[in-house]
Amino acid sequence: MVTIGTQPGDWEAALGVTEGRGNIRCAVGVHPNHCHEVEFAEIARLKEYAGLPAVAAVGEMGLDYHHTFASRELQAKYFVAQLEIAREAKLPVVIHCREAVTDCLGILRGFPSVRAVFHCFTGTMDEARRIWDCGYLTGFTGVLTFRNGESLREIAAAAPAGQILVETDAPYLTPEPMRKQKTNEPAFVVHTAAVLAGVRKISLAQVDELTTKNAMGFYRW
Ligand SMILES: [Zn+2]
């Protein structure tokens, strides 16, 4: 599993979760919805984190044009600065992208050596294809299990096998049938994996094998 620190105040906590647990690593970064609250100089500290064995990726980073808590320009500035660190450290990146696929791909084009996963993908089939065509992965969350998740299930069925991950986005997006419980937790990812198995007409064990292999390759674990 990879846990995420989305702002400087979370980085040590994310790292703490990995301690003594060989099956957990972390990603640290500045989420686009936090960059207006984070001093730009903080980004440079990610270089030290990037050298730690427990840090598997840099992120979340990216663009969020749905919320726009920070201006688009500021989001892009923080995104590029983090991509530079990831490129230098040869680490993959976890992308948060909402209603901004064209601009995210445009910025990523400047960093061809950086591997990326578009986490919690909830866009259109056309957007998914553009992401896959660039070689990037898409991460599927509990949204895949929602009653209104039909178009996302079609996308998950069409995804190239090597470009799929499953994730929780915990504490958000609790998958069915646990949604009543509200607070999501890592164990519930099995429900997302089960739906993925159904749409791809493979077994849950095969989804386990596939997503483990994809994660190992992506994170060079
Ligand atoms: Zn996100």
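Laboratory data are not the source of any read-out in this text; all were calculated from the coordinates shown. Everything numeric here is computed off the predicted structure, so don't read it as measured data. As a convention, Cβ positions derive from the backbone with ideal geometry for all residues, glycine included, and neighbour counts pool all protein chains shown.
Structure summary
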| quantity | calculated |
| --- | --- |
| Crossing angle, helix 8-18 versus the chain [Cα axis fit, 0-90 degrees, rounded to tens] | 50 |
| Part-to-part distance (alpha-carbon centres) for the range 140-159 and the range 89-125, which is given in Å | 19 |
| Gyration tensor verdict on the range 146-221 (Cα atoms; rounded if a/c is under 1.5, prolate if a/b is larger than b/c, oblate otherwise) | oblate |
| Cα pair count fraction exceeding 32 Å, expressed as % - the chain | 12 |
| Sequence ranges 37-44, 211-218, 120-127, 57-64, ranked by mean other-Cβ count within 10 angstrom, highest first | 57-64, 120-127, 211-218, 37-44 |
| Pairwise centroid distance, computed over Cα atoms, of the range 162-221 with the range 21-69, Å | 22 |
| With Cα atoms, 0 to 90° folded angle of helix 72-89 axis to the chain main axis | 90 |
| Distance between modelled label sites at residue 180 and residue 74, nm, 7 Å Cα→Cβ extension | 4.2 |
| Lys pairs under 23 Å by Cα in the chain, provided they are eight or more residues apart or on distinct chains | 5 |
| Most mobile listed residue (160, 53, 92) in the chain, GNM with C-alpha springs under 10 Å | 53 |
| Relative contact order for the chain, counting Cα pairs under 8 Å that sit 6 or more residues apart, in percent | 13 |
